[in-house]
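Read the structure below first, then the notes.
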C-alpha cells in the first residue's frame, strides 16, 4: 500500500518537474513567462495552504496577510535598511512564522466559520496596517524593491526567474508530499476526520494544527518575498482580503487534499483572468460564473473529480 | 454624556442597524442550510442600485423601493435554485466558494448594467438635520433605526408565531427530523434565501442616502455583516442584532476617539479578542463534537 503511494507520489512529482522543464517550449514571449512565474508563485502558496485546508481541515481566509508580510518584510529590509536580499527574505519568513505561531495558538481553538472570521480579521488588520503606514510601506502607492542578488550575482530577466520559481515550486511540492505521508500528515488527516477521535488515539491536535498553520504561513511568506523581488515593486493589492479569497479558491477549485490539485487550481485561476481580458467588461461576470459552475458540478474540485473519472474508465 | 459621545453613539447605532440587517440575512441562511452566503453583500448592492434605477425611470420612491426589494428577493431565490440546491451534499468550503463565485458574477453583472459610477438615493424625508440635545441627526438615521426595529419585531413574530417561521427554525435544529415531521425542507431553503435577500436589499436602500451606493458596496457591507453575525453568535437572531449594533458603535467610537484610518482594525481586534474568550460569539451555545 505505502509502496504504491510512494511510486505514485514520485510519478506525480516527475510529471510536475517534466511540465516545468518543457513549458518554456510554448512560452513564446516575456508576457507568457510572466504569467508562468505568477502561476508558480501562487502555486507555492496554495501547496502550503492546501496542507492546512485540505489535510488538516482548517480554513484560513487570511493567508494573503502572510504573503504580504513576507513581501513587505523583504521590501522594507532591503530598500529601507539595505539588508542583503537573502537575509531579508530569511528574516521576513522567520518573523511571519513567529507571528503565525503566536496568533495561531488562540485562533486555532476556533472552529469552522469562527476560524474563518478570525483569520479573515487577521488578514484585514494586516492589509490596513500595510496600506496606512505609508512612511514605511509607501502606502497605497506601494514601494520599489531591489532585485534578488547573492554572492555578486543578480537575478534578472523573466527566463532566469522562471527557472528559480520552478525549482522552488518542485521543492515545495516535494516537501509537502513528504509531510503528508509522514506520521505528522496522518495525524493531520485524523484530526480532519474528527478531532476528538484523533485525541483519543493520542494525537495532540492543538499542536498538530498549530504546526501546519505555521508551515503554511512559511510557504506564503517565501512566495511573497520572492514575488516582491521578482516584480521589483509591491502594492497593498496583494495583501487584501480578495487575494486571500483568491488563494483559498485556487485550493478548493483544484481539489482539496490534493497537492497537485492545488498546483492545477493555481494554474487555472491565474491564467483564466488573463485569457478573459478579451471579454473586456464581461470578464468579471464570466469569471464568477466559471467559478460557480465548476464548484456546482465538481464540488470536490477539478483534479479529484477528473482523476476518479479517468480511473473509473480504466477499470 | 458629552455631546461628542452622543454624536458618535448615534452614528454608530445607525450604521450598526445596517450591519444588523445584513447579519440577520447571514444567520437566516446559515440556520436553514449551514451555508455562509458570501453573496449576501451583493443583495445590499442590488437593493440600492435597483432603487437608483427605478427612481431614474421616474417611479415614485416607495414603488421603486418595493420593486428593488422584490427584485433582490428574486435574485436570492435564483441563487438558491440554480447554485446552492444543485450542489447539495458538497462540503462547506465548496459551498463558500460557490457563493463567492455568485458574488463575483453579480458584481460583474452590476458593473455592466449600472456602470461603475457612484449613485445617490434621495433621502426618504429630507436632509434637514434634527438636533437632539447637543448632537444632530439626519432624518435618514431615524428611518434606518426605525425600519430595523420594525423588521426585527416582524421577524420575531414570523419565527415565533407563523407555521413557515417555525418550519424554518425546526429545519435549523435538525433537518432530517424536520423532513420526517412533514416539513418541506426545499421550500424552507428557498424561503430563507428569498427572505435574506430581501433583508439585505432593505439594508442597502436604507443606507444609500447616507453613504451613497455603487456596484461594489456589497463587499465591505457583506464582510461587516458576517463579522457582526459571528460576533453575536452565528445563527442567533438576537445575537445578529446585538453584534451589528456593537460593531457599528465600536467602529464609530474607534474612528472618533482613536483613528479613522484604523477604525476597521479596531473593530476586528475587538472581534478577535471576543472570540479568544468566547469561541462561539457573544450568545453562541457551546457545542460538542459528535464522534
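The values are calculated or read from the model by the stated rules, or taken from the named source; none is laboratory data. The shown structure was predicted, so the numbers you read here are calculated from the model rather than taken from an experiment. Please note: Cβ atoms are built from the backbone with ideal geometry, for glycine as well, and neighbour counts cover all protein chains shown.
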Practice problem: Select from the stretch A:108-118 the residues that are more than 17 Å from residue B:232 (Cα to Cα) and either more than 7 Å from chain B (Cβ to nearest Cβ) or within 20 Å of the chain's Cα centre (by Cα) (or both) and list them in ascending order. | Solution: A:108
Quiz item: Restricting the search to the stretch B:170-182, which residues are in a helix (DSSP H, G or I) and either out of contact with any helix residue (DSSP H, G or I) (no Cβ under 8 Å at 6 or more places or on another chain) or buried (at least 17 other Cβ atoms within 10 Å of the Cβ) (or both)?
Solution: B:170, B:171, B:172, B:173, B:175, B:176, B:178, B:180
Practice problem: Tell me which residues, restricted to the stretch A:65-106, are without any contact (Cβ under 8 Å) to a residue 24 or more places away in the chain and either away from chain B (no Cβ under 14 Å) or touching a helix residue (DSSP H, G or I) at 6+ places or on another chain (Cβ under 6 Å) (or both). | Solution: A:77, A:81, A:82, A:83, A:87, A:90, A:91, A:94, A:98, A:106
Quiz item: Do you know which residues across the stretch A:248-277 are within 14 Å of another protein chain (Cβ to nearest Cβ) and under 27 Å from residue A:157 (Cβ atoms)?
Solution: A:250, A:268, A:269, A:272, A:273, A:277
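Can you confirm whether the stretch A:43-59 contains a residue that is touching a residue at least 12 places away in the same chain (Cβ under 8 Å) and in contact with a strand residue (DSSP E or B) (Cβ under 9 Å, 6 or more places away or on another chain)?
Taking every residue of the stretch A:43-59 in turn, none turns out to be touching a residue at least 12 places away in the same chain (Cβ under 8 Å) and in contact with a strand residue (DSSP E or B) (Cβ under 9 Å, 6 or more places away or on another chain).
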Practice problem: With respect to residue B:65, determine if the residue is in contact with a helix residue (DSSP H, G or I) (Cβ under 7 Å, 6 or more places away or on another chain), in contact (Cβ under 8 Å) with a residue 60 or more places away in the chain and within 28 Å of residue A:305 (Cβ to Cβ). | Solution: no
Exercise. State which residue is modelled with the highest pLDDT when the search covers only the stretch A:148-198 and only residues that are out of contact with any helix residue (DSSP H, G or I) (no Cβ under 6 Å at 6 or more places or on another chain) and in a loop (DSSP other than H, G, I, E, B).
Key: A:182
Exercise. Return only the number of the condition from (1) more than 27 Å from residue A:251 (Cβ to Cβ); (2) outside any loop (DSSP other than H, G, I, E, B); (3) within 12 Å of another protein chain (Cβ to nearest Cβ) that residue B:67 does not satisfy.
Key: (3)
Quiz item: Right, residue A:79: surrounded by fewer than 20 Cβ atoms within 10 Å (Cβ to Cβ) and at negative phi or not?
Solution: yes
Practice problem: Any chance you could count how many residues in the stretch B:70-83 are within 14 Å of another protein chain (Cβ to nearest Cβ) and either within 19 Å of the chain's Cα centre (by Cα) or under 30 Å from residue B:122 (Cβ atoms) (or both)? | Solution: 4
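Go through the residues of the stretch B:230-237 one by one and say whether even a single one is part of a helix (DSSP H, G or I), free of Cβ contacts under 8 Å to residues at least 60 places away in the same chain and crowded, with 24+ Cβ neighbours inside 10 Å.
The answer is yes; a qualifying residue exists.
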Self-check item: Residues being at the interface with chain B (Cβ under 7 Å from one of its Cβ atoms) and under 13 Å from residue A:269 (Cβ atoms) - total across the stretch A:293-308
Solution: 1
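How many residues does the stretch A:185-197 hold that are over 18 Å from residue A:256 (Cβ atoms) and crowded, with 19+ Cβ neighbours inside 10 Å?
0
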Quiz item: Within the stretch B:111-126, can one find any residue that is surrounded by fewer than 17 Cβ atoms within 10 Å (Cβ to Cβ), without any contact (Cβ under 8 Å) to a residue 12 or more places away in the chain, within 14 Å of chain A (Cβ to nearest Cβ) and outside any helix (DSSP H, G or I)?
Solution: no
Self-check item: Residues of the stretch A:199-208 satisfying the condition of being assigned to a helix (DSSP H, G or I) and surrounded by fewer than 19 Cβ atoms within 10 Å (Cβ to Cβ)
Solution: A:199, A:200, A:206, A:207
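Residue-wise test of (1) under 17 Å from the mean Cα position of the chain (by Cα); (2) modelled with pLDDT of 90 or more.
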{"site": "B:208", "(1), (2)": "yes, yes"}
{"site": "B:227", "(1), (2)": "yes, yes"}
{"site": "B:235", "(1), (2)": "yes, no"}
{"site": "B:253", "(1), (2)": "no, yes"}
Quiz item: Which one of the conditions (1) over 30 Å from residue A:190 (Cα atoms); (2) not in a helix (DSSP H, G or I) does residue A:37 fail to meet, given that it meets all the rest?
Solution: (2)
Quiz item: If you go through the stretch A:104-118, how many residues are within 18 Å of residue A:204 (Cα to Cα) and in a helix (DSSP H, G or I)?
Solution: 4
